[in-house]
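Visitor: Quick one: structure below, then a few questions.
The values are calculated or read from the model by the stated rules, or taken from the named source; none is laboratory data. Note that the coordinates shown come from a computational prediction; the quantities given were computed from them, not determined experimentally. Please note: Cβ atoms are built from the backbone with ideal geometry, for glycine as well, and neighbour counts cover all protein chains shown.
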Amino acid sequence: MVLEAPQIASCVEPGQFVMVQCAGLPLRRPLSVHAASDDRLALLWRIKGKGTEWLSQLDKGALVELTGPLGRGYSAPAARSRVLIIAGGIGIAPLVFLASRLAPSHDVVLVQGARCADSLYEPPPMLRTLLPSVAACDGVRRVSATDDGSAGLHGSACDAALPHLAWADRVYLCGPVNMCSAAYAMAHEGSRARAPAGSGSEASSFLAKLADAEVSVEQRMGCGVGACYCCSIATLHGRKKVCTDGPVFRLGDIRWEEVVT
């Protein structure tokens, strides 16, 4: 969905989100900003309930009430960095925005995982027309993985991303909790496999890179502004609210074993 929202589009950063008022529902729905340029922004979602069902049925010209931009987005990498972006499922939504922002001045690899080939996402022509900044993604190297092997690597986004970790200067993720926790777990296994016998330096560097990766956490929200605490998660620094302290966190700071899926 593309919306005319100049006040939000002019200042939103990749990884931030908006709270959308859906007709007949008391709580707004949090949606990541998928793309933004000039006075327009795009939202991408998977239909999961009454709210997203209602949004999917809106006609052109309909009015939608938004609050945003909200939350803390992804930080920018150093100049001319090699960037690895890992997306699982609908986690592709904020990462297209990030990739389009970084592609003009960085070397970017985007790894996308999905259930099957039909579930892999490609920005549609209409989005490219209405939001020209999305075309910057054409300069991104794409790697795909599917659970059923119908496209790309037969496996997960983490499986497909692992060979690129040593190359990357910065890593960014968004996807289901099980994917993000698996990314950190696989880093431990991968570092041990790559480290030469008797040397811990390569393993330490490998682990540090994953621990410093930035991840946008998917979590149920109530208010979106830090008042209700229903989106809080366990971290090494105590409980944090996804809506205001995040949704972007350092991967190594989250206690993944305590995050509710």
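Visitor: Could you count how many residues in the stretch 15-27 are in contact (Cβ under 8 Å) with a residue 40 or more places away in the chain and in a loop (DSSP other than H, G, I, E, B)?
Guide: 3
Visitor: For the stretch 212-261, list the strands (runs of 3 or more DSSP E) that sit wholly inside it and hold at least 2 residues that are not basic (Lys, Arg); which are they?
Guide: 214-217, 232-235, 248-250
Visitor: Follow-up question, since we're still on this one. Residues being under 27 Å from residue 97 (Cβ atoms) and either modelled with pLDDT under 80 or surrounded by 20 or more Cβ atoms within 10 Å (Cβ to Cβ) (or both): count how many of those fall in the stretch 186-213. Before you say what the answer is, go through the steps one by one.
Guide: Within the stretch 186-213, the first condition is being under 27 Å from residue 97 (Cβ atoms), and the residues that meet it are 186-187, 208-213.
Now restrict to residues that are either modelled with pLDDT under 80 or surrounded by 20 or more Cβ atoms within 10 Å (Cβ to Cβ) (or both): 186-187, 208-211, 213.
Within the stretch 186-213, residues that are under 27 Å from residue 97 (Cβ atoms) and either modelled with pLDDT under 80 or surrounded by 20 or more Cβ atoms within 10 Å (Cβ to Cβ) (or both) number 7.
Visitor: Which residues, taken from the stretch 4-14, are surrounded by 22 or more Cβ atoms within 10 Å (Cβ to Cβ) and assigned to a strand (DSSP E or B)?
Guide: none
Visitor: Answer with yes or no whether residue 79 is modelled with pLDDT under 95, small (Gly, Ala, Ser) and more than 24 Å from residue 39 (Cα to Cα).
Guide: For residue 79, the condition - modelled with pLDDT under 95, small (Gly, Ala, Ser) and more than 24 Å from residue 39 (Cα to Cα) - is met.
Visitor: Then there is this: Restricting the search to the stretch 60-79, which residues are among the hydrophobic types (A, V, I, L, M, F, W, C), in contact with a helix residue (DSSP H, G or I) (Cβ under 8 Å, 6 or more places away or on another chain) and part of a strand (DSSP E or B)?
Guide: Correct list: 66 only.
A quick yes/no check of all residues on (1) touching a Leu at 6+ places or on another chain (Cβ under 9 Å); (2) aliphatic (A, V, I, L, M):
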site	(1), (2)
10	no, no
19	yes, yes
29	yes, no
33	yes, yes
37	yes, no
61	no, no
67	no, no
72	no, no
77	yes, no
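Yes/no per residue for (1) surrounded by 20 or more Cβ atoms within 10 Å (Cβ to Cβ); (2) out of contact with any strand residue (DSSP E or B) (no Cβ under 8 Å at 6 or more places or on another chain):
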residue	(1), (2)
16	yes, no
19	yes, no
26	no, yes
52	no, no
62	no, yes
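Visitor: Sticking with this one: Failed condition for residue 236, given (1) among the aliphatic types (A, V, I, L, M); (2) buried (at least 21 other Cβ atoms within 10 Å of the Cβ); (3) modelled with pLDDT of 90 or more, with all others met?
Guide: In the conditions (1) among the aliphatic types (A, V, I, L, M); (2) buried (at least 21 other Cβ atoms within 10 Å of the Cβ); (3) modelled with pLDDT of 90 or more, residue 236 misses (2) alone.
Visitor: Just name the residue that is farthest from residue 66 (Cα to Cα) out of those in the stretch 208-261 that are polar (S, T, N, Q) and in contact (Cβ under 8 Å) with a residue 60 or more places away in the chain.
Guide: Result: 261.
Visitor: Let me ask something else about it. Does residue 89 satisfy the condition of being in contact with a helix residue (DSSP H, G or I) (Cβ under 8 Å, 6 or more places away or on another chain), among the small types (Gly, Ala, Ser) and surrounded by fewer than 20 Cβ atoms within 10 Å (Cβ to Cβ)? Give the steps one after another, and end with the answer.
Guide: Numbers: in contact with a helix residue (DSSP H, G or I) (Cβ under 8 Å, 6 or more places away or on another chain): yes; among the small types (Gly, Ala, Ser): yes; surrounded by fewer than 20 Cβ atoms within 10 Å (Cβ to Cβ): yes.
Yes.
Visitor: Determine whether the stretch 239-259 contains at least one residue that is at pLDDT 90 or above and in contact with a His (Cβ under 8 Å, 6 or more places away or on another chain).
Guide: Yes, there is a match, as at least one residue in the stretch 239-259 is at pLDDT 90 or above and in contact with a His (Cβ under 8 Å, 6 or more places away or on another chain).
Visitor: Scan the stretch 166-184 for residues that are of a type outside the set (Ser, Thr, Tyr), in contact (Cβ under 8 Å) with a residue 40 or more places away in the chain and surrounded by fewer than 21 Cβ atoms within 10 Å (Cβ to Cβ) and jot them down.
Guide: Within the stretch 166-184, 166, 167, 169, 176, 177, 178 qualify.
Visitor: Of a type in the set (D, E, K, R), within 28 Å of residue 234 (Cβ to Cβ) and in contact with a Gly (Cβ under 7 Å, 6 or more places away or on another chain): does that describe residue 72?
Guide: yes
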